[in-house]
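S.K.: Have a look at this one before I ask anything.
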Amino acid sequence: MTLWLRARRAWLLAGALLLQFTLSCLLGGVLVPSPSLAAHATLDIPLRVFLPLILSCALVHALSDVIQLERGATRNTAVADGLLVAAVAASAVLLGLVAAALGSGDALVAARNTIGYVGFATAGAVVLGPPIGAMLPVAHVILVALLDSGRTHIALLAWPVEPLSSGVAALAAVSFCATGVLATARLGGVQISALDARGRR
């Protein structure tokens, strides 16, 4: 367990989580000018849409140290990694609820986006590799910013910029999160074993 926690950089994840939600509470409502191809103008997008990328990238980075971990481990860590993804998502929601209770209106939107980005990134990392997986939510947010007209958009695709009351956005975030947890727990071990076997040749 100690080796697993060290390889998974628990301290990095805890720091990223606290940093992200501190910034979300303090600066989440700050508007960031973003060029929009659909609106042919510059739109203002809240910083809370971008801040959750901190944690999703940190988590994929922590999960990417697979060869070093598996060479010293005595069991498959795929299930533990899946539980780590779930724990990070649950911690984000818990911090969001606490921050919302303290009066931060942006915290719950940041929490919703966090679990969605985390799931999107970890599922992508299992299938396409960590570098691409980490960049998937980043690319998605950039595309949403570029294609959002400010008036009409497809809520299922533009869920990161939807208000907290959007059920479609909540469904998208939860679905991505569940996919990331399951993909990591079921497929992560297979990928880790294959990488470890190649590393020993």
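S.K.: Considering Val118, Val127, which residue is in contact (Cβ under 8 Å) with a residue 24 or more places away in the chain, in a helix (DSSP H, G or I), surrounded by 18 or more Cβ atoms within 10 Å (Cβ to Cβ) and not charged (D, E, K, R)?
M.R.: Numbers: Val127 fails: surrounded by 18 or more Cβ atoms within 10 Å (Cβ to Cβ).
Just one listed residue meets the conditions, Val118.
S.K.: Would you check which residues across the range 41-64 are part of a strand (DSSP E or B) and among the aliphatic types (A, V, I, L, M) and list them? Explain how you work it out, then say what you get.
M.R.: Quick first cut of the range 41-64, residues part of a strand (DSSP E or B) only: 41-46.
Hits for the range 41-64 are Ala41, Leu43, Ile45.
S.K.: Which residues, taken from the range 74-108, are at negative phi and either of a type in the set (D, E, K, R) or outside any helix (DSSP H, G or I) (or both)? Quick ask: steps written out before the conclusion?
M.R.: Step one: list which residues in the range 74-108 are at negative phi, which gives 74-102, 104-108.
Within the range 74-108, Thr74, Arg75, Asn76, Thr77, Asp81, Leu102, Ser104, Gly105, Asp106 meet the criteria.
S.K.: When both residues are 6+ apart or on different chains and their Cβ atoms are under 8 Å apart, which pairs have a first residue that lies in the range 167-182 and is over 10 Å from Gly82 (Cα atoms), and a second that is surrounded by fewer than 16 Cβ atoms within 10 Å (Cβ to Cβ) and at pLDDT 95 or above?
M.R.: Qualifying pairs under 8 Å: none.
S.K.: Within the range 26-43, restricting attention to residues that are of a type in the set (Ser, Thr, Tyr) and surrounded by 14 or more Cβ atoms within 10 Å (Cβ to Cβ), which residue is modelled with the highest pLDDT? Steps first, answer last, please.
M.R.: The initial filter retains those residues of the range 26-43 that are of a type in the set (Ser, Thr, Tyr), namely 34, 36, 42.
Narrowing the set further to residues that are surrounded by 14 or more Cβ atoms within 10 Å (Cβ to Cβ) leaves 34, 36.
On the way: Ser34: 77, Ser36: 69.
Once the filter is applied, the top-ranked residue is Ser34.
S.K.: For the range 177-201, how many residues are at pLDDT below 50 and aliphatic (A, V, I, L, M)?
M.R.: Looking only at that region, the number is 5.
S.K.: While we're on this one: List every residue pair whose Cβ atoms sit under 9 Å apart, with the two residues 6 or more apart in sequence or on different chains, where the first one lies in the range 83-109 and is free of Cβ contacts under 8 Å to residues at least 60 places away in the same chain and the second, anywhere, is assigned to a loop (DSSP other than H, G, I, E, B) and among the β-branched types (Val, Ile, Thr).
M.R.: Every condition considered, no pair remains.
One line per residue, one yes/no per condition, for (1) in contact with an Asp or Glu (Cβ under 9 Å, 6 or more places away or on another chain); (2) under 19 Å from Ala125 (Cβ atoms); (3) of a type in the set (Lys, Arg); (4) surrounded by 14 or more Cβ atoms within 10 Å (Cβ to Cβ):
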| site | (1), (2), (3), (4) |
| --- | --- |
| Ala16 | no, yes, no, yes |
| Leu19 | no, no, no, yes |
| Ser24 | yes, no, no, yes |
| Ile45 | yes, no, no, yes |
| Arg48 | yes, no, yes, yes |
| Ile54 | no, yes, no, yes |
| Leu59 | no, yes, no, yes |
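S.K.: Scanning the range 65-94 for residues that are among the hydroxyl-bearing types (Ser, Thr, Tyr) and buried (at least 16 other Cβ atoms within 10 Å of the Cβ), which turns out modelled with the highest pLDDT?
M.R.: Looking at residues that are among the hydroxyl-bearing types (Ser, Thr, Tyr) and buried (at least 16 other Cβ atoms within 10 Å of the Cβ), I get Ser91.
S.K.: Still on this structure, please answer the following. Check Val174 against each of (1) in contact with a helix residue (DSSP H, G or I) (Cβ under 6 Å, 6 or more places away or on another chain); (2) modelled with pLDDT of 95 or more; (3) among the hydrophobic types (A, V, I, L, M, F, W, C); (4) surrounded by fewer than 23 Cβ atoms within 10 Å (Cβ to Cβ) and name the one condition it does not meet.
M.R.: Of the numbered conditions (1) in contact with a helix residue (DSSP H, G or I) (Cβ under 6 Å, 6 or more places away or on another chain); (2) modelled with pLDDT of 95 or more; (3) among the hydrophobic types (A, V, I, L, M, F, W, C); (4) surrounded by fewer than 23 Cβ atoms within 10 Å (Cβ to Cβ), the odd one out for Val174 is (1).
The values are calculated or read from the model by the stated rules, or taken from the named source; none is laboratory data. The structure presented is a predicted model; accordingly, all values stated were derived computationally and were not measured. Here the Cβ is made from the backbone with ideal geometry for all residues, glycine too, and neighbour counts use every protein chain on show.
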